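Participant: Would you mind keeping the following structure in view while I ask a few things?
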Amino acid sequence: MSDDIGRIHAALTGIWAEDDAAAQRALEDAFSDDCAFYFSHPVNEVAGRAAAWETVFAPLRAALRHARRRDEIFITGANRRAEGGNWIAAVTHYVGTFAGPLLGIAPSNRLAFLRSGEFYRIEHGRIVEARVILDLPDLMRQAGRDPFGGLLGTEMLFPGPATHDGILPGGDGTASLDLIEAMLGDLHVYDPGTGTSKGQTGEGGYWADDMLWYGPGGVGSNYRWDGFVQDHRAPFLAAFPDRKGGNHYARIGQGNYAAISGWPSMTMTHRGAYLGVPATGKALTLRVMDFYRCAGGQIAENWVCLDYMDLMAQMGVDLIARSNAMERTVG
């Protein structure tokens with residue numbers, strides 16, 4: 001299995017070769033012919049490798065000139081959820097000059113780092129199921145047309161782990177995944193008056209005092225638990241007080257890292273204003289990917305990819321149309 005993972009890792013990088021033929025050979029080496037692809041909105045479900053090339057990979061290569069894949073986290077492990085299987089989980093950026101339109105998003109002709117959260121199920125040495133969240137709202141922000149207007153946390157490039165060891169770190173991930181599952185179990189229940197949940201912070205808490213939380217476009221990143229509550233948790237709970245999460249198809253761990261994902265993970269009702277959108281009263285779902293680094297029995301860093309393109313579409317908001325209608329604010 002380790003040989004397969006190394007080969008797949010190399011093939012995923014090879015998809016960004018300058019030569020189209022070499023890129024397609026790498027795609028064939030990474031993915032089975034009938035791989036099931038699930039992308040974030042507006043692409044959504046794509047059946048088979050050839051269709052994924054035409055729908056996503058070729059347009060991405062055309063839009064991001066001279067693009068390269070730059071992994072920050074790349075781990076593998078056996079899935080603890082009932083679905084089972086061996087999975088890869090990755091946080092990466094596609095780095096290039098945003099020189100052509102992508103899925104209708106107007107280009108900037110400047111350097112862009114398109115962040116991506118990815119989960120891949122492996123069988124017989126190839127990926128047979130792929131789930132990918134492209135952070136298109138953050139790409140719009142980088143192009144100078146932020147559809148959210150910077151309402152919450154600090155919008156920034158996702159950094160790699162502080163320990164610089166997130167690529168196939170090795171080691172057993174049981175303790176890391178145990179910690180994450182315990183945290184999630186307590187985080188789900190909260191006091192509606194204060195928004196607090198059992199055991200998250202303080203002595204013996206799940207989160208380190210100097211935790212860093214890296215959020216998607218629209219939410220941004222923050223520092224320490226107070227920053228997380230201010231910039232994400234409090235606004236989210238105010239808008240979606242009945243949110244229920246944890247519907248995950250995959251939970252894996254490797255070394256000091258763990259990753260979870262649900263498609264969707266959350267169900268909730270839109271009962272308060274969120275990111276400038278008044279309450280709609282609609283029942284909504286949210287696709288989620290979380291990646292964690294643990295240290296000393298606590299969570300030190302958390303990278304979060306959320307399909308806000310899909311969430312906002314459910315609210316009746318077309319982020320691409322909104323962004324393209326804006327005047328550029330950079331350059």
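Participant: Filter segment 252-302 for residues that are free of Cβ contacts under 8 Å to residues at least 24 places away in the same chain and either outside any strand (DSSP E or B) or more than 18 Å from the chain's Cα centre (by Cα) (or both); which is surrounded by the fewest Cβ atoms within 10 Å (Cβ to Cβ)?
Facilitator: Gly281
Participant: Right, something else. Could you please tell me which pairs satisfy a Cβ distance under 6 Å, a separation of 6+ or placement on different chains, a first residue in segment 162-177 that is of a type in the set (A, V, I, L, M, F, W, C), and a second residue that is modelled with pLDDT of 95 or more?
Facilitator: Listed by first residue and then by second, the contacts come to Ile167/Asp71; Ile167/Phe74; Leu168/Phe74; Leu177/Gly253; Leu177/Ala258.
Participant: Next question. For segment 215-230, check the following and say yes or no: at least one residue is within 30 Å of Asn86 (Cβ to Cβ) and under 21 Å from the mean Cα position of the chain (by Cα). I'd like the intermediate steps shown before the answer.
Facilitator: First, pick out the residues of segment 215-230 that are within 30 Å of Asn86 (Cβ to Cβ): 215-216.
If we keep only those that are under 21 Å from the mean Cα position of the chain (by Cα) too, we end up with 215-216.
Within segment 215-230, one or more residues are within 30 Å of Asn86 (Cβ to Cβ) and under 21 Å from the mean Cα position of the chain (by Cα).
Participant: Considering only residues that are acidic (Asp, Glu) and surrounded by 17 or more Cβ atoms within 10 Å (Cβ to Cβ), which ones fall in segment 66-107?
Facilitator: Result: Asp71, Glu72.
Participant: Quick one: what pairs do we get from segment 128-153, first residue aromatic (Phe, Trp, Tyr), second outside any strand (DSSP E or B) and surrounded by fewer than 23 Cβ atoms within 10 Å (Cβ to Cβ), C-beta under 6 Å, 6+ apart or different chains?
Facilitator: Phe148/Leu275
Participant: Quick check, is Pro192 closer than 16 Å to Val219 by Cα and not in a strand (DSSP E or B)?
Facilitator: Criteria not met by Pro192.
Participant: Residue by residue through segment 193-214, note down the ones that are more than 21 Å from the chain's Cα centre (by Cα) and closer than 25 Å to Gly276 by Cβ.
Facilitator: Gly195
Participant: Just wondering, is there one or more residues in segment 25-35 that are free of Cβ contacts under 8 Å to residues at least 60 places away in the same chain, assigned to a strand (DSSP E or B) and over 19 Å from the mean Cα position of the chain (by Cα)?
Facilitator: yes
Participant: Answer yes or no as to whether Asp210 is exposed (fewer than 14 other Cβ atoms within 10 Å of the Cβ) and modelled with pLDDT of 95 or more. Spell out how you get there, then give the answer.
Facilitator: Values: exposed (fewer than 14 other Cβ atoms within 10 Å of the Cβ): yes; modelled with pLDDT of 95 or more: yes.
Here the answer is yes, as Asp210 does meet what is asked.
Participant: Which one is surrounded by the fewest Cβ atoms within 10 Å (Cβ to Cβ) among residues in segment 11-22 that are of a type outside the set (Val, Ile, Thr) and either touching a residue at least 12 places away in the same chain (Cβ under 8 Å) or part of a loop (DSSP other than H, G, I, E, B) (or both)?
Facilitator: Asp19
Participant: Go through Pro169, Pro159, Pro147 for me and flag whichever is in a loop (DSSP other than H, G, I, E, B) and either on the phi > 0 side of the Ramachandran plot or in contact with a helix residue (DSSP H, G or I) (Cβ under 8 Å, 6 or more places away or on another chain) (or both).
Facilitator: When all the criteria are applied, what remains is Pro147.
Participant: Continuing with this model, one more query. For segment 303-317, which positions are buried (at least 22 other Cβ atoms within 10 Å of the Cβ), in a helix (DSSP H, G or I) and either basic (Lys, Arg) or out of contact with any His (no Cβ under 6 Å at 6 or more places or on another chain) (or both)?
Facilitator: Once the filter is applied, which keeps residues that are buried (at least 22 other Cβ atoms within 10 Å of the Cβ), in a helix (DSSP H, G or I) and either basic (Lys, Arg) or out of contact with any His (no Cβ under 6 Å at 6 or more places or on another chain) (or both), segment 303-317 yields Tyr308, Leu311, Met312.
Participant: Please go through segment 101-144 and pick out each residue that is of a type in the set (D, E, K, R), out of contact with any Lys or Arg (no Cβ under 9 Å at 6 or more places or on another chain) and part of a strand (DSSP E or B). Please lay out each step first, then the result.
Facilitator: In the first step, residues of segment 101-144 are kept if they are of a type in the set (D, E, K, R); the result is 110, 115, 118, 121, 123, 126, 129, 131, 135, 138, 141.
Narrowing the set further to residues that are out of contact with any Lys or Arg (no Cβ under 9 Å at 6 or more places or on another chain) leaves 110, 115, 123, 126, 141.
If the condition is that a residue be of a type in the set (D, E, K, R), out of contact with any Lys or Arg (no Cβ under 9 Å at 6 or more places or on another chain) and part of a strand (DSSP E or B), then Arg115, Glu123, Arg126 are the ones that fit.
The values are calculated or read from the model by the stated rules, or taken from the named source; none is laboratory data. Treat the numbers as computed from the prediction; the structure is a model and nothing was measured. Don't worry about glycine lacking a Cβ; one is built from the backbone with ideal geometry, like all the others, and counts go over all protein chains shown.
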